[in-house]
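Engineer: My structure is below; once you've seen it, I'll send some questions.
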Amino acid sequence: MVVPAAELARRVAELGQELGRALASEDPILLGLLSGAEIFLADLVRAVARPWRFEFVHVTYGQGETGRSDSLSIHFPIPVDVRKQHVLVIKDVVASGVTESYLASQLREQGAASVRFVALADLEDERKTPFGPDYRAFTLQRAGRLVGYGLKGSTGRLGNLPYLGEVPRT
């Protein structure tokens, strides 16, 4: 077990309160990244003492000319106008920073007043870009694949675990 359920609940509630204080003068749109941040987003917004708007965004990876997953595209299940809005992106795991850097640049191009990121798990040792989340629940190192608390792993299961665990990479 990487992060027990009680510690996870305590830290997410604490982070929600911290965000409420830090962003008290703003009315941000929270964008939860599918798939993996849904449970984190739900618990986070319940910990904030005032209503916040939240939506979801899906970033997909496509194969470029190299045959590798090297192209990204953004899909909003519900159209979201971010022009002149403060955007707070809620992400399950920040590893390389590539997806986050791309998403931030796209949201800024769409006219967002500001773009900030909140990570459940920040894996600093895996960073390939200078990106770092503005807020994080945990800074972790991993040997395998994180599962639980919305993170489903390669089998599409285990996301319902109430804690963060780790399984071997397959």
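The values are calculated or read from the model by the stated rules, or taken from the named source; none is laboratory data. Just so it is clear, the model here is predicted, and its values are computed rather than measured. Cβ: placed from backbone, ideal geometry, glycine included. Neighbour counts: every protein chain shown. The accessibility values were calculated without ligands, DNA or RNA, using every heavy atom of the protein model including side chains. Shrake-Rupley method; radii C 1.70, N 1.55, O 1.52, S 1.80 Å.
Engineer: I'd like to check which strands (runs of 3 or more DSSP E) are fully inside the stretch 85-169 and have at least 3 residues that are within 20 Å of D43 (Cα to Cα), aliphatic (A, V, I, L, M) and in contact with a helix residue (DSSP H, G or I) (Cβ under 7 Å, 6 or more places away or on another chain).
Structural biologist: Numbers: elements: 86-94, 114-122, 135-139, 145-147, 165-167.
So the answer is 86-94.
Engineer: If you don't mind, there's one more thing I want to ask. From (1) open to solvent by less than 10 Å² (accessible area, probe 1.4 Å); (2) in a helix (DSSP H, G or I), pick out the condition that doesn't hold for G32.
Structural biologist: So the condition that G32 fails would be (2).
Engineer: Now for a separate question. If I filter the stretch 85-113 down to residues being among the hydroxyl-bearing types (S, T, Y) and surrounded by fewer than 17 Cβ atoms within 10 Å (Cβ to Cβ), which single residue comes out as farthest from R11 (Cα to Cα)? Step through it out loud before you land on a result.
Structural biologist: Our first condition is that a residue be among the hydroxyl-bearing types (S, T, Y); within the stretch 85-113, this holds for 96, 99, 101-102, 105.
With the extra rule that they be surrounded by fewer than 17 Cβ atoms within 10 Å (Cβ to Cβ), the set shrinks to 96, 101, 105.
Values: S96: 23, S101: 25, S105: 29 Å.
The qualifying residue farthest from R11 (Cα to Cα) is S105.
Engineer: Looking at T139, is it modelled with pLDDT of 95 or more and of a type in the set (S, T, N, Q)?
Structural biologist: Taking the combined requirement at face value, the residue satisfies it.
Engineer: So, in the stretch 1-27, exactly how many residues are at pLDDT 95 or above and open to solvent by less than 10 Å² (accessible area, probe 1.4 Å)?
Structural biologist: The qualifying residues number 6.
Engineer: Mind telling me which of the residues G165, G144, G132 ends up being of a type in the set (G, A, S) and surrounded by 18 or more Cβ atoms within 10 Å (Cβ to Cβ)?
Structural biologist: Working: G144 fails: surrounded by 18 or more Cβ atoms within 10 Å (Cβ to Cβ); G132 fails: surrounded by 18 or more Cβ atoms within 10 Å (Cβ to Cβ).
After ruling out the rest, the residue left standing is G165.
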